[in-house]
There are 2 protein chains.
Amino acid sequence: MINKPFVDIAERLKPELIEQKIYPKRLVEIVADPEALHGWRVQGVGTYDSLHERKFEKGDSFVLDLGDHQVGYLTFSLQSAEARADAPVRLKFIFGEMPCEIGESFDEYNGWLDRSWLQDEIVNFDVVPGTYTLPRRYSFRYLKIEVLTPARKFKIAFADLYVTSVSSADLSSVPPLPDHVPDDLRVMDRISIKTLQDCMQTVFEDGPKRDRRLWIGDLRLQALANYETVKNYELVKRCLYLFAGLRLEGGQVSACVYEKPEPAADDIYLYDYSLFFISTLHDYYAATQDRDTLLQLWPVALEQVGLSLGRLDDRGIVTDDPSWYCFTDWHEDLNKQASAQAVLIYALKQAVVLAQTIGLTEQAISIRSDVDRASEAALTHLLNRSTGFFESGDQRQVSWASQVWMVLAGVLEQEENAALLDRLFEENPSIRPMTPYIYHHLIEALMLSGRKEKALEQLRVYWGGMAEEGADTFWEVFQPADKNNSPYGSNLINSYCHAWSCTPTYFIRKYYAPFHSNRTKDSHSSEVN
Amino acid sequence: MINKPFVDIAERLKPELIEQKIYPKRLVEIVADPEALHGWRVQGVGTYDSLHERKFEKGDSFVLDLGDHQVGYLTFSLQSAEARADAPVRLKFIFGEMPCEIGESFDEYNGWLDRSWLQDEIVNFDVVPGTYTLPRRYSFRYLKIEVLTPARKFKIAFADLYVTSVSSADLSSVPPLPDHVPDDLRVMDRISIKTLQDCMQTVFEDGPKRDRRLWIGDLRLQALANYETVKNYELVKRCLYLFAGLRLEGGQVSACVYEKPEPAADDIYLYDYSLFFISTLHDYYAATQDRDTLLQLWPVALEQVGLSLGRLDDRGIVTDDPSWYCFTDWHEDLNKQASAQAVLIYALKQAVVLAQTIGLTEQAISIRSDVDRASEAALTHLLNRSTGFFESGDQRQVSWASQVWMVLAGVLEQEENAALLDRLFEENPSIRPMTPYIYHHLIEALMLSGRKEKALEQLRVYWGGMAEEGADTFWEVFQPADKNNSPYGSNLINSYCHAWSCTPTYFIRKYYAPFHSNRTKDSHSSEVN
């Protein structure tokens, strides 16, 4: 169901990328070390300049460290040494966001996602000397080059090697943090802005290494971080128009869209993600007051309201389903019914705000009554009054995610929410948060319930834990108690610069470093209760 | 020693290549077969059109047969099947001139030339569907595509796949052979023109798969075949100016030059090859009567005369040397002294013709006296009057190559030459001809000595032997008695479309199908005796 005028608006908003020339910082070795994260440690062995003095032949290799995570294109000047090149030069390139990607062999990769996401190439260069730019974009800090040939008359040298990094984020517009912000938060702020920057391309990508797609769940969080930092409103607008222009057959906003070869929706529908179209539009309007866009996209948001209400059963509860109908978090055993119900309430409240903003009073009243019905149903059918926990599904599962989302939905009063969260930490149900995505919502829930210290503690444990492990950008997956965790059966395929992990800057700048004098009420999604 | 005006003339003569869209003829399998050449047989398994109906995933592969040898660029449309592609597609491409290149694994290649000459690629395609053209040029008839991913949600299909072949040879200008030419010679004529065509690019390459360089030894033979067929005089002129513009420090014409990244000489000097500058200029003038080019390049030719004479010892014999100072043929044990002496005489006779043509009578007389001195020295010091064979080097080696070149040099009278060649076949010295390059000269020697039947017999045994083995283009290496022979330790690295093997069309059209009414005397190098 393509709305071409919307797609055309989106395409006109496609940004020019900002390019930067990045030279490697040093030559390193990646050393096996059982004590190190994933079992690999980085050890400096020389300056970048010392690379130019070296001559390479078959069997030689070297590893460069860019000093930071980069997304971009590799350019290098290949020269022959000792004799003129009389044969093509065959090189293998291995790009790694993390040392494990350099240390381990991709050939033995046996994970559950396609090996083509692992970033390596074997390329033959016919003309040497020559300056080459590899055609694909890579996401990496470490680069290993293995020399497969020459083996005979000549050797090769690298006269120049750099990365042209690309991003649609202009960091010059990010205000400095005030002096009172402590150092560890400054570090987290920097890393999360870098994460955001490297994910901001011609859309908000979920991960520049893997997937490289626009997912609405990631977009919503990126947009929140973006409003606090680089303020690229046009890019959010472009993404909203892409989702609005590329709905599924039934009118649902799809979970993700592809930009190339031409904009197209994936066939994945997720209950929570389609509702986040409302949230993202709500947050966008709060940040920009762009009434034209609100008016144009409101019908799509309203359609999501209707479609989502259609899933409620006679009791007013989201119909559960063993299929993957709602995201919430990556957790094999997590039941989504309660969180889906909560996201519905959360998004419907934002729809009420939008309807009121536009002046659609009757519609606002109608949606408000849906909110009341869904909230009432949650209290009646999902909340276990004796334990005080919301329960989900036939098995009446108690999970962290269900409680977190019910807090964000504001089904209970703020004091009750705070008590629920205290109880959650105390009793620690075994279905715990898995990904940065749900940790974001946990911290947001703590913030909104007046548990800022606890929120800060969790921020420090979780994202601070990644920072302590040397993260240049925040990761798709992090389990402090199981640092080699991968949802895909291999650390190699994890994304180590991942959109849904970019929100520490949002928390820090919104809650710990409030220096915006002109911040408006209702400027963030979490304040709509 | 760069003569920039000459190089500039050469660059202005760089041809536009003629492109042709070539679709594969069929799907095949390459089957191990101890009876087949190199141990591999081709078996048809389907039409090209049937490819479009197939869907591929990890582990699948297929082999296409273009039906003939082609030099060019691969384009294909990659589509996803069953679901949208949600990950890059990783494909391996293996290009083979011969079935063995598809049948055997390049990973086990252990030959003496760099493995980078073997034509394979692993390429990741980020955007599917998409139409891609691989950036490198390939020389091949067979193409194997191995699907390394996808392994999960989707499959891939090839909606379109073709080769854009390139050549600077315009076959429309090749006259048909007269009716009386027998079928086997017609086949050889066709194959040798195809060989010439595929080697004719922006220079006369030695082999479009391997080396891809302009060697003067190959150029001389290609030019002869070219004058009888496609008549691209400008390309010969361009190559002459490249050699003239890019001499070695001492003024010698180098054995080969590179076109890219900018025209440059290799550092290889070969005694016979530098003398072939004179021969190639002589033949070019005979074919074109292009007096301006002759006048401009004559000083370079004359310089080669002087430099080559400088190698004569007191007796007037070329100083022998254990180093690789003269090509003659690929044969480990061949001594080059006698053939070098003969090439000197051969080229000096052509220099006399050129000097006379220009009107430089004194210079002509002077070079004629050098010819006489070198010829006399050869008769005195190299010819063994008791055996009737020319002997080469300290060990007084009797080889086929030495006799062949002495015949071409015309040191003896025609009847004596004929007797020498008869004796050569009868006594069959063990240092035999190895490559098509020396076979060309053997056949030319037979032709010029009135042994046309023997020449034809040899043409049929040698090039006819390749044709019987299914050659699409003639090969760099062929030993009828040892068909798996490779000078590089592996059949995989041999070039199967090689310039110095392209001359059957020259012999057929010059000696067996004389239909040129306006053929001039002295129009070919071999007629200068």
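Restricting to segment A:326-341, what's the tally of residues that are assigned to a loop (DSSP other than H, G, I, E, B) and open to solvent by 10 Å² or more (accessible area, probe 1.4 Å)?
Residues meeting the conditions: 7.
Suppose we keep only residues that are aliphatic (A, V, I, L, M) and either open to solvent by 10 Å² or more (accessible area, probe 1.4 Å) or not in a helix (DSSP H, G or I) (or both) within segment A:199-224. Which one would you say is farthest from A:ASP170 (Cα to Cα)?
A:LEU214
Where the second residue is surrounded by fewer than 19 Cβ atoms within 10 Å (Cβ to Cβ) and assigned to a loop (DSSP other than H, G, I, E, B) and the first is outside the structural domain of A:GLU376 (by TED's automatic domain parsing) and lies in segment A:301-317, which pairs have Cβ atoms under 7 Å and are six or more apart or on separate chains?
Hits for this filter: zero, empty list.
So which residues in segment B:402-416 are closer than 17 Å to B:GLU376 by Cβ, without any contact (Cβ under 8 Å) to a residue 40 or more places away in the chain and in a helix (DSSP H, G or I), if there are any at all?
Passing the criteria: only B:GLU416.
Hey, among A:ASP370, A:ASP394, which residue is among the acidic types (Asp, Glu), touching a residue at least 24 places away in the same chain (Cβ under 8 Å) and either touching a Lys or Arg at 6+ places or on another chain (Cβ under 6 Å) or under 30 Å from A:PRO487 (Cβ atoms) (or both)?
When all the criteria are applied, what remains is A:ASP394.
Could you say whether any residue in segment B:168-188 is touching a residue at least 40 places away in the same chain (Cβ under 8 Å), more than 30 Å from B:LEU456 (Cβ to Cβ), out of contact with any His (no Cβ under 8 Å at 6 or more places or on another chain) and open to solvent by 50 Å² or more (accessible area, probe 1.4 Å)?
no
Of all residues in segment A:85-109, count the ones that are more than 18 Å from A:PHE62 (Cβ to Cβ), of a type in the set (D, E, K, R) and in contact (Cβ under 8 Å) with a residue 60 or more places away in the chain.
2
Identify, please: which residue in segment B:138-158 is facing another protein chain (nearest Cβ under 8 Å) and open to solvent by 10 Å² or more (accessible area, probe 1.4 Å) and is, among those, nearest to A:LEU134 (Cα to Cα)?
B:LEU148
Every residue in segment A:459-471 that is part of a helix (DSSP H, G or I) and open to solvent by less than 20 Å² (accessible area, probe 1.4 Å), please.
Within segment A:459-471, A:LEU459, A:TYR462, A:TRP463, A:GLY464, A:GLY465, A:MET466 meet the criteria.
Would you mention how many residues in segment A:49-74 are surrounded by fewer than 18 Cβ atoms within 10 Å (Cβ to Cβ) and either more than 19 Å from A:LYS194 (Cβ to Cβ) or β-branched (Val, Ile, Thr) (or both)?
Of the residues in segment A:49-74, 11 are surrounded by fewer than 18 Cβ atoms within 10 Å (Cβ to Cβ) and either more than 19 Å from A:LYS194 (Cβ to Cβ) or β-branched (Val, Ile, Thr) (or both).
Among the residues of segment A:238-265, count how many are within 18 Å of the chain's Cα centre (by Cα) and within 13 Å of chain B (Cβ to nearest Cβ).
Of the residues in that region, 6 qualify.
Take segment B:424-458 and flag every residue that is closer than 22 Å to B:ALA342 by Cβ, of a type outside the set (A, V, I, L, M, F, W, C) and open to solvent by 40 Å² or more (accessible area, probe 1.4 Å).
B:GLU426, B:GLU427, B:ASN428, B:SER430, B:ARG432, B:GLY450, B:ARG451, B:LYS452, B:LYS454
Just give me the residues in segment B:204-233 being at negative phi and within 14 Å of another protein chain (Cβ to nearest Cβ), in sequence order.
Residues satisfying the conditions are B:GLU205, B:ASP206, B:GLY207, B:PRO208, B:LYS209, B:ARG210, B:ARG213, B:LEU214, B:TRP215.
Among the residues that make up segment B:38-52, is at least one of them closer than 30 Å to B:VAL257 by Cα, under 29 Å from the mean Cα position of the chain (by Cα) and part of a helix (DSSP H, G or I)?
The answer is no; no qualifying residue exists.
Among the residues that make up segment A:235-250, is at least one of them in contact (Cβ under 8 Å) with a residue 40 or more places away in the chain, surrounded by fewer than 24 Cβ atoms within 10 Å (Cβ to Cβ) and in contact with a Cys (Cβ under 7 Å, 6 or more places away or on another chain)?
no
Quickly run through segment A:382-401 and pick out the residues that are touching a Ser or Thr at 6+ places or on another chain (Cβ under 6 Å) and either outside any strand (DSSP E or B) or open to solvent by 30 Å² or more (accessible area, probe 1.4 Å) (or both).
Passing the criteria: only A:ALA401.
Residues of segment A:102-127 being more than 8 Å from chain B (Cβ to nearest Cβ) and farther than 24 Å from A:ASP211 by Cα, which ones?
A:PHE125
If a residue has to be under 15 Å from B:CYS497 (Cα atoms) and assigned to a strand (DSSP E or B) to count, how many in segment B:164-198 make the cut?
Here the count works out to 3.
Suppose we filter segment A:115-136 for residues that are open to solvent by less than 40 Å² (accessible area, probe 1.4 Å) and out of contact with any helix residue (DSSP H, G or I) (no Cβ under 9 Å at 6 or more places or on another chain); how many remain?
Number satisfying all stated conditions: 9.
What residue, of B:PRO34, B:PRO99, is of a type outside the set (Lys, Arg), surrounded by fewer than 19 Cβ atoms within 10 Å (Cβ to Cβ) and away from every other protein chain (no Cβ under 14 Å)?
Within the list B:PRO34, B:PRO99, the selection yields B:PRO34.
Give me the pairs, please: first residue somewhere in segment B:192-212 and assigned by TED's automatic domain parsing to the domain that holds B:ALA467, second residue anywhere and surrounded by fewer than 24 Cβ atoms within 10 Å (Cβ to Cβ) and acidic (Asp, Glu), beta-carbon distance under 6 Å, and either six or more positions apart or on two chains.
So the pair list comes out as B:VAL203/B:GLU259.
Looking at A:LEU379, A:LEU344, which one is surrounded by fewer than 18 Cβ atoms within 10 Å (Cβ to Cβ), among the hydrophobic types (A, V, I, L, M, F, W, C) and either part of a helix (DSSP H, G or I) or outside the structural domain of A:TYR273 (by TED's automatic domain parsing) (or both)?
Within the list A:LEU379, A:LEU344, the selection yields A:LEU379.
The values are calculated or read from the model by the stated rules, or taken from the named source; none is laboratory data. Keep in mind that what you see is a predicted model, and the values were worked out from it rather than measured. No Cβ is skipped: glycine too gets one built from the backbone with ideal geometry, and neighbour counts run over all protein chains shown. We work out accessible area using only protein heavy atoms, side chains counted, and drop any ligands, DNA or RNA first. Shrake-Rupley method; radii C 1.70, N 1.55, O 1.52, S 1.80 Å.
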